[in-house]
Amino acid sequence: MHDERTKHDLATLADDHLAKARVDAHGRSAEVVLHDGFLRQTVIAIASGCALDEHNAPPAASVQVLRGRVRITAGEASQELGIGQLSGVPKIRHGLLALEDAVVLLTAVNP
């Protein structure tokens, strides 16, 4: 857990975690970079073709793409996001697929 006053260079974090994801057996690397009460921000890197399997949604969350391209899947629906795009996370079970090497910043509020 990091102190909420700690500064982070997202470009460096994205590069570092993407390098780790490329050699990880599951194609992923992540780090919580801010945890302040109910708020949590996590950098998640996913190698091309790898995914975060379906999981339950927090009460409130968003995902911003820092590198690459991803697809958020939720049941029969899906949404593609590219660099710089921000979207709310579906309120139902969902997954995240890397269409190319990708890094996202997940912001979640979980009381």
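The values are calculated or read from the model by the stated rules, or taken from the named source; none is laboratory data. Everything numeric in this text was worked out from a predicted model, so none of it was measured. Virtual Cβ from ideal backbone geometry, glycine too; neighbours counted across all protein chains shown. We work out accessible area using only protein heavy atoms, side chains counted, and drop any ligands, DNA or RNA first. Shrake-Rupley method; radii C 1.70, N 1.55, O 1.52, S 1.80 Å.
A few comments on the model shown:
- Checked against (1) touching a Gly at 6+ places or on another chain (Cβ under 6 Å); (2) open to solvent by 50 Å² or more (accessible area, probe 1.4 Å); (3) β-branched (Val, Ile, Thr), residue 109 passes all but condition (1).
- Among the conditions (1) out of contact with any strand residue (DSSP E or B) (no Cβ under 8 Å at 6 or more places or on another chain); (2) surrounded by 15 or more Cβ atoms within 10 Å (Cβ to Cβ), the only one that residue 9 does not satisfy is (2).
- Count of residues meeting criterion [modelled with pLDDT of 95 or more and open to solvent by 70 Å² or more (accessible area, probe 1.4 Å)] in the range 12-37: 8
- Residue in the range 69-79 that is basic (Lys, Arg), free of Cβ contacts under 8 Å to residues at least 40 places away in the same chain and crowded, with 17+ Cβ neighbours inside 10 Å present: yes
- Consider the range 35-75 and keep the residues that are outside any loop (DSSP other than H, G, I, E, B) and under 12 Å from residue 109 (Cβ atoms). The one that is farthest from the chain's Cα centre (by Cα) is 36.
- Restricting the range 45-71 to residues that are of a type in the set (Gly, Ala, Ser) and farther than 14 Å from residue 28 by Cβ, the residue that is modelled with the lowest pLDDT is 57.
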